[in-house]
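The values are calculated or read from the model by the stated rules, or taken from the named source; none is laboratory data. These numbers come from a predicted model, not from an experiment. Virtual Cβ from ideal backbone geometry, glycine too; neighbours counted across all protein chains shown.
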Amino acid sequence: MSAHVDISIGCEGLAISEDRACELADLVLASEGVDRECMVSLSVVDDETMRGLNHEWRGIDRATDVLSLECERPDDPDLGVGETCELGDIVLAPDFIGRQADRVDVTPEGETSLLLIHGMLHLLGYDHESDEEAEVMEAREDAILAEAGLGDSVVVPPSPRHAEEGS
């Protein structure tokens, strides 16, 4: 079981490598007990592009750090045995993430890793709209960061996370 991560670079500056992105995506799937091959599209965009996407998909007219756009769920009964699940798209804005990392005093690599994990969890159905949902999602993020060896270098703050430009 693994994720196939299709990297579509729209701008320079992603703080982790394509290999690391794939490792983290695989780790989330394994941690969540997903035993189906999954495909995830990862796009890296500038702040203005992210602002447009955030407005289009969420009705929020400002840049953000990460967007997750779900396609299929691994447990969808309409997927055939052995059929690859097209999990969805994760969009990252490295300039936004870099500023956010500085503000919360973590490395851009750590913040990018956290946000990729966060995006993967959204694709798997996690959310943070209510306090209860946020607690569950943040606990999963903490556990997966620890599994990735990042537990001491990245702190998952309580939601809502984004004070600067918001998401």
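Within the stretch 99-134, if we keep just the residues that are among the β-branched types (Val, Ile, Thr) and assigned to a helix (DSSP H, G or I), the residue that is surrounded by the fewest Cβ atoms within 10 Å (Cβ to Cβ) turns out to be 104. Scanning the stretch 15-32 for residues that are farther than 30 Å from residue 81 by Cα and modelled with pLDDT under 90 yields a single hit, 17. The residue that is nearest to residue 114 (Cα to Cα), among those in the stretch 52-75 that are outside any loop (DSSP other than H, G, I, E, B), of a type outside the set (A, V, I, L, M) and in contact with a Leu (Cβ under 6 Å, 6 or more places away or on another chain), is 68. Within the stretch 76-88, residues that are touching a residue at least 12 places away in the same chain (Cβ under 8 Å) and within 21 Å of residue 118 (Cα to Cα) have Cβ atoms under 9 Å from residues that are assigned to a loop (DSSP other than H, G, I, E, B) and among the acidic types (Asp, Glu) in these pairs: 85/37; 85/72; 85/75; 85/76; 86/72; 87/72; 88/72, counting only partners at least 6 apart in sequence or on another chain. Has the stretch 31-48 got at least one residue that is more than 26 Å from residue 148 (Cβ to Cβ), within 17 Å of the chain's Cα centre (by Cα) and outside any loop (DSSP other than H, G, I, E, B)? Yes; the residues of the stretch 31-48 include at least one that is more than 26 Å from residue 148 (Cβ to Cβ), within 17 Å of the chain's Cα centre (by Cα) and outside any loop (DSSP other than H, G, I, E, B). Entry remark, the stretch 76-98: residues being assigned to a strand (DSSP E or B), in contact with a Cys (Cβ under 8 Å, 6 or more places away or on another chain) and closer than 15 Å to residue 43 by Cβ number 4 in total.
Taken together, the residues in the stretch 33-76 that are modelled with pLDDT of 95 or more, small (Gly, Ala, Ser) and surrounded by fewer than 16 Cβ atoms within 10 Å (Cβ to Cβ) amount to 2.
Considering only residues in the stretch 77-96 that are of a type in the set (Val, Ile, Thr) and under 12 Å from the mean Cα position of the chain (by Cα), the one that is farthest from residue 147 (Cα to Cα) turns out to be 91. Return the residues of the stretch 107-131 that are within 17 Å of the chain's Cα centre (by Cα) and without any contact (Cβ under 8 Å) to a residue 60 or more places away in the chain; say none if nothing qualifies. Residues satisfying the conditions are 110, 114, 115, 118, 119, 122, 125, 126, 127, 128, 129.
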